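For reference, the structure is listed below as structure tokens.
The values are calculated or read from the model by the stated rules, or taken from the named source; none is laboratory data. Because the structure is predicted, anything quoted here is derived from the model rather than measured. With ideal geometry, Cβ positions are generated from the backbone for all residues, glycine too; neighbour counts draw on all protein chains shown.
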Amino acid sequence: MGLVLADCPRSVPEFKALPRRERRRVAMRCYWQVFGHWQTWFGLAMTCGGGGLSALLGALAAHELYGTASPLYGGWWILLLSTAIGGGAGGVFYGIIVNRIRNYYIREHLRRLGLIGSPGRRP
């Protein structure tokens, strides 16, 4: 099974059978269980690290282009753009990690309700 970018709670077919209020309750309950995994914290660190590293690279690029010690004098847009790109790239990975682990807990919850039969694989 490959990595799917659209791996969200709606990708669990049995989850659609629940009423909307129950789906929301289950999804939020399972979301908080995700933070017990090291993978979630690693993904969050990747988001922060990606934004910080790209901000540093943006500051270096602004310094090279504008020749000032601070990118705020002319290269602020480079700093802003690079931080947004780096943080966004890390955020994509964080979202993928969180959704994969949350789907595992959603399936486990549906298994306890008797809507799914066989046990799943732990992420």
Could you please tell me which pairs satisfy a Cβ distance under 8 Å, a separation of 6+ or placement on different chains, a first residue in region 68-86 that is over 19 Å from Cys48 (Cα atoms) and at pLDDT 80 or above, and a second residue that is surrounded by fewer than 21 Cβ atoms within 10 Å (Cβ to Cβ) and not acidic (Asp, Glu)? none
Ile116 under 25 Å from the mean Cα position of the chain (by Cα), aliphatic (A, V, I, L, M) and either surrounded by 14 or more Cβ atoms within 10 Å (Cβ to Cβ) or at pLDDT 85 or above (or both): no
Counted residues in region 22-61 being within 30 Å of Gly75 (Cβ to Cβ) and more than 17 Å from the chain's Cα centre (by Cα) come to 9
